[in-house]
Amino acid sequence: MKQKEGVIKPKTKRAKRFLDNRAPKLTENVKNAMIMKGGNTSMTVTQALKDIYALKKPSAVLYKNITLKYNIFIALPFPITNIFCLQEFFSKKTDSSLFLFGSHNKKRPNNLIFGRLFDFHVLDMIELGIEKYNSLSAIKNSKCPEGTKPMLVFAGEAFDHDDDHKRLKSLLTDFFRGPVVPSVRLAGLEHVLHFTALEGKIYMRSYRSLLKKSGCRTPRIELEEIGPSFDFVLRRTHLASDDLYKTAHRQPKALKPKKKKNISHDTFGTKFGRLHMQKQDLAKLQTRKMKGLRKRRGPAAAAEGETSSKTAKVEVE
């Protein structure tokens, strides 16, 4: 590829396809995640990164000991400068907009940092500490297939009222939701990720939904824990400003649905239409002709009809 005056011009068809895939689109590609292991980590952090990578596959890239490979020592990422340069460098390399960084030290043991990027720059990141952890291999149950789109459940008042928890909810939704699809079959709804905010902690649980016989058309659903399970505590946060956060959520005009007149939807998505008609005269309304609705003759008209029929018969005879 040849770069001239800030514009990259491809020399081969392969390079052209690569640049077309990276170019801005109305509907962006699936968000990839970079999962990185820092210079100082514990066995808990290392296994946790592998388990989250297994949940995120195939839209994830796992890096091991990148700090040693690129001569960067990052023990405490929240002094921000090194981690910003590192994430922005790898986001351009792998076309990723999400990242997870694991580290461990005496002051903040078993540390995980969830973050996301906008325009290849760090938008926000939140630091969570692992207090209790059960791995995928520790729970001996059958797992969901790779790439299964999970159902996300958030429980707790903090996710609705606290600003840090609101941003954490948005970040976790971006990280685990997977590709956007128009429809999902019932058998494909088998993976559930449940997040609970209670007493300053965040509990993450992973379940597999089982469809059991119920004696009717609707199956009975049971949840079976498959792991991993985490007990997190919220530590430091680095959040984007309101203006930058609003800019990151801006959508192109072509994707915004056009407003249609006289059409509305209720809470459940039912579509309603409104018709405008002129005032009708119900007296002239044409109804279905039935025998019971016919007009009956009066008694005088009925007597005249009988005499006329008798005289006609006499004349014929």
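The values are calculated or read from the model by the stated rules, or taken from the named source; none is laboratory data. Everything quoted here is computed from the prediction, not taken from an experiment. FYI the Cβ positions are ideal-geometry reconstructions off the backbone, even for glycines, and counts take in every protein chain you see. The protein model used for the area step is the full one, side chains on, heavy atoms only, and it has no ligands, DNA or RNA in it. Shrake-Rupley method; radii C 1.70, N 1.55, O 1.52, S 1.80 Å.
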Here the qualifying pairs (Cβ atoms under 6 Å; residues six or more apart or on different chains; first in region 146-165 and under 19 Å from residue 233 (Cβ atoms) and of a type in the set (A, V, I, L, M); second part of a helix (DSSP H, G or I) and at pLDDT 90 or above) come out as 158/165
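Is there a residue in region 185-200 that is among the charged types (D, E, K, R), over 17 Å from the mean Cα position of the chain (by Cα) and assigned to a strand (DSSP E or B)?
Applying the first criterion (among the charged types (D, E, K, R)) to region 185-200 yields 185, 190, 199.
Right, trim to over 17 Å from the mean Cα position of the chain (by Cα) and you get 199.
If we keep only those that are assigned to a strand (DSSP E or B) as well, we get none.
No, region 185-200 contains no residue that is among the charged types (D, E, K, R), over 17 Å from the mean Cα position of the chain (by Cα) and assigned to a strand (DSSP E or B).
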Just one of (1) out of contact with any His (no Cβ under 8 Å at 6 or more places or on another chain); (2) open to solvent by 90 Å² or more (accessible area, probe 1.4 Å); (3) without any contact (Cβ under 8 Å) to a residue 40 or more places away in the chain; (4) not aromatic (Phe, Trp, Tyr) trips up residue 271, so point out which. (1)
Restricting to region 123-175, name every residue that is closer than 24 Å to residue 46 by Cα, out of contact with any helix residue (DSSP H, G or I) (no Cβ under 9 Å at 6 or more places or on another chain) and acidic (Asp, Glu). 127, 131, 174
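The rows are residues; the columns are (1) under 32 Å from the mean Cα position of the chain (by Cα); (2) at pLDDT below 85; (3) open to solvent by 80 Å² or more (accessible area, probe 1.4 Å).
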{"position": "9", "(1), (2), (3)": "no, yes, yes"}
{"position": "18", "(1), (2), (3)": "yes, yes, yes"}
{"position": "26", "(1), (2), (3)": "yes, yes, yes"}
{"position": "30", "(1), (2), (3)": "yes, yes, no"}
{"position": "37", "(1), (2), (3)": "yes, no, no"}
{"position": "40", "(1), (2), (3)": "no, yes, no"}
{"position": "45", "(1), (2), (3)": "yes, no, no"}
{"position": "48", "(1), (2), (3)": "yes, no, no"}
{"position": "60", "(1), (2), (3)": "yes, no, no"}
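Before we move on, is residue 170 at pLDDT 90 or above, under 30 Å from residue 28 (Cα atoms), buried (at least 17 other Cβ atoms within 10 Å of the Cβ) and out of contact with any Phe, Trp or Tyr (no Cβ under 8 Å at 6 or more places or on another chain)? Outline the logic, then answer.
Details: at pLDDT 90 or above: yes; under 30 Å from residue 28 (Cα atoms): yes; buried (at least 17 other Cβ atoms within 10 Å of the Cβ): no; out of contact with any Phe, Trp or Tyr (no Cβ under 8 Å at 6 or more places or on another chain): yes.
Against the criterion (at pLDDT 90 or above, under 30 Å from residue 28 (Cα atoms), buried (at least 17 other Cβ atoms within 10 Å of the Cβ) and out of contact with any Phe, Trp or Tyr (no Cβ under 8 Å at 6 or more places or on another chain)), residue 170 does not qualify.
State which residue is farthest from residue 218 (Cα to Cα) when the search covers only region 156-166 and only residues that are surrounded by 18 or more Cβ atoms within 10 Å (Cβ to Cβ) and not aliphatic (A, V, I, L, M). Let's see the steps before the verdict.
Restricting attention to region 156-166, the residues satisfying the condition of being surrounded by 18 or more Cβ atoms within 10 Å (Cβ to Cβ) are 156, 158-159, 165.
Subsequent filtering for residues that are not aliphatic (A, V, I, L, M) retains 156, 159, 165.
On the way: 156: 29, 159: 31, 165: 35 Å.
Looking at the filtered set, the residue picked out is 165.
Within region 129-152, restricting attention to residues that are among the hydrophobic types (A, V, I, L, M, F, W, C) and open to solvent by less than 40 Å² (accessible area, probe 1.4 Å), which residue is farthest from residue 31 (Cα to Cα)? Give the derivation first.
The first filter runs over region 129-152 and keeps only residues among the hydrophobic types (A, V, I, L, M, F, W, C), leaving 130, 136, 138-139, 144, 151-152.
Pick out the ones that are also open to solvent by less than 40 Å² (accessible area, probe 1.4 Å) and you get 130, 136, 139, 144.
Details: 130: 25, 136: 24, 139: 29, 144: 21 Å.
By that ranking, first place goes to 139.
Residue-by-condition table, conditions (1) assigned to a strand (DSSP E or B); (2) among the small types (Gly, Ala, Ser):
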site	(1), (2)
88	no, no
92	no, no
96	no, yes
99	yes, no
102	yes, yes
106	no, no
115	yes, yes
125	yes, no
129	yes, yes
